[in-house]
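A quick write-up on the structure given underneath.
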Amino acid sequence: MCIASLWALCAIIVTGASVRLTGSGLGCTQWPTCNDGNIVAPLEYHPMIEFVNRLVTGVVSIAVIVAVAGSLIRQPRRRDLTRWSLALVAGVVAQILIGAVVVMSDLEYSMVALHFLVSMVLVAAAVVLVNRAGIPDDEPLSRPWPTWAKALVGGCVAVLLSGPLVSSAGPHPGALEGVAHDGKDLVLKRLPIDLVWVARLHSVTVWIFVLGIVAVAWRHRRSDDPMHRPLVDLLVVAVAQGAIGYTQYFTGVPALLVGIHVLGATLLWVMTLRVAQVAATAGDTVAARPATALVT
């Protein structure tokens, strides 16, 4: 169920993006109900899009609760698994409350960005939980990341932080402007910075991150190195994500490509954390080799 929780958390990020990209962000104008005090949305396009996203939140909640139950009934019980699973519960509750604020604030761009970033924190906790669940009980749990792994994770964090800035200044505010909402025509605020320059800033962070991956992958280029395959997988995802980003920028930022880009960002984060977790388990094998082995 740890893996199920991870993929459910990834799914909610993508469905949440679909709400914004289809202009359905206020399809349900109330919280926790949808419209007119009804919990279930009417059979209309925008309300149903947002309602389905709320249903996915329910699926995430169930998966997380099952993960907690599994950590509690497991024998022998491990405190680390219990703590991380309970952290997921706390995070999901926080996300539900943030989602309520998003609706009540008429999709304030800062709250939407926060909603996305907290989701990424939850994904990180789920990745750690999955990794720890696979460690035998008789092995040590304290596994620090090597410096280069910390640098890669930091680079990916920079990419994830700069990405929402582009979205907040971009052409997809999340709902249909001019539609009456709470007795007034809805006007959605966007981040008051130039889209071109913030996109360039995001691009720079991506290029630095990709170059970092290439440098580390070169050090671990031997096929028998346990870090080789995770790093190659991460590099493939990063290059594909960059290609999607440039394509969407030069094609007018179509909603479908933005949604794929959000999915790519989620996978990029998971793959980066996977590299860090494998590095902690395998150790920095290249650093442990003789210097002559590094040039052969």
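For the reader, a short list of remarks on this structure follows.
- Rounded to 10°, Cα long-axis angle of helix 147-169 versus longest principal axis of the chain: 20
- Inter-site label distance for residue 62 and residue 207 at 7 Å from Cα along Cβ, in nm: 4.7
- Given their separation in residues at 0.36 nm each and the Cα-Cα distance between them, residue 236 and residue 282 gain 14.4 nm when the chain is fully extended.
- Summing Cβ point charges (Lys, Arg +1; Asp, Glu -1) relative to the Cα centre of the chain gives a dipole of roughly 920 debye.
- The order of the peptides 51-63, 216-228, 17-29 by mean Cβ neighbours within 10 Å, most packed first, is 17-29, 51-63, 216-228.
- Mean residue ellipticity at 222 nm, helices only, the chain: -24000 deg cm²/dmol; runs of at least 4 DSSP H residues each add -39,500 (n - 2.57), and the sum is divided by the number of residues.
- Angle in degrees between helix 109-133 and the longest Cα principal axis of the chain, rounded to the nearest 10: 40
- Computed on the chain, the Cα convex hull volume stands at 132 Å³ per residue.
- For peptides 248-254, 111-117, 273-279, sequence by mean Cβ density within 10 Å, most packed first: 273-279, 111-117, 248-254
- Acute angle (nearest 10 degrees) that the helix 79-104 long axis makes with the longest principal axis of the chain, alpha-carbon atoms: 30
- The label point for residue 151 and the one for residue 89, both projected 7 Å from the Cα toward the Cβ, are 4.0 nm apart.
- With a simple spin-label model that places each label point 7 Å from the Cα along the Cα-to-Cβ direction, the separation between residue 135 and residue 196 comes to 5.0 nm.
None of the figures in this text is laboratory data; all of them are computed from the coordinates on show. If you're wondering where the values come from, they're calculated on a predicted model, not measured in any experiment. So basically every Cβ, Gly included, is an ideal-geometry build from the backbone, and we count neighbours across all protein chains shown.
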